Amino acid sequence: RFILFLLFSVSVLFFLSSCQEPLETDYNGELESLLMVEGKITTDTTRHYVLLSRTQALNLSGMLWETGADVSIEHPGGVFLLQETEPGHYYTEPDVYGIMGASYTLHIRLSNGETYQAETFIANTPEIDSVKFIYEEFENYDIFSHNLYFHGWELEEPGNAYLWNLYINDTLYNDS
């Protein structure tokens, strides 16, 4: 018993002791403010958006919106010009839609003259054969959930991911 007690005590002391290494930083109070860009374009006919903001110190609250920028999206048929509707929020016209397989280039020119560019494309989506919505139990857990099953052929292109929007009574239920 004494040996078990000794082994237990040594184990507890071992796990409670920690190794600390001093971290030295060279922070002079100045932070580099980086541009953050969030945007999306889909095949839906809607007002697509680009949000521009700046990073800031963790102890500060609120958003630092980037205002006065020229924002546009270049597409095969021309250019969508985005308008700033509130600070840092840039939108297309409501009749804009993307085309599957097409490439899009985002152009940003800030009020200080800095320019940024990013490219993307709208990947093809598989043809939907059917969709099933089933209320079912997870095996051995007594947990029930609603599950959505897609039936159709998966595209051979690599890197496919799909976002399903669930609307209940014309209200978007999931936003991510």
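What follows is calculated from the coordinates using simple rules that are stated; it is not laboratory data. Note that this is a predicted model, so its numbers are computed, not measured. We place every Cβ from the backbone using ideal geometry, glycine too, and count neighbours over all the protein chains shown.
Brief remarks follow.
- Ordering 72-82, 119-129 by mean Cβ neighbour count within 10 Å, with the highest value first, yields 72-82, 119-129.
- Computed from Cα atoms alone, the Kirkwood hydrodynamic radius reported for the stretch 63-176 is 18.2 Å.
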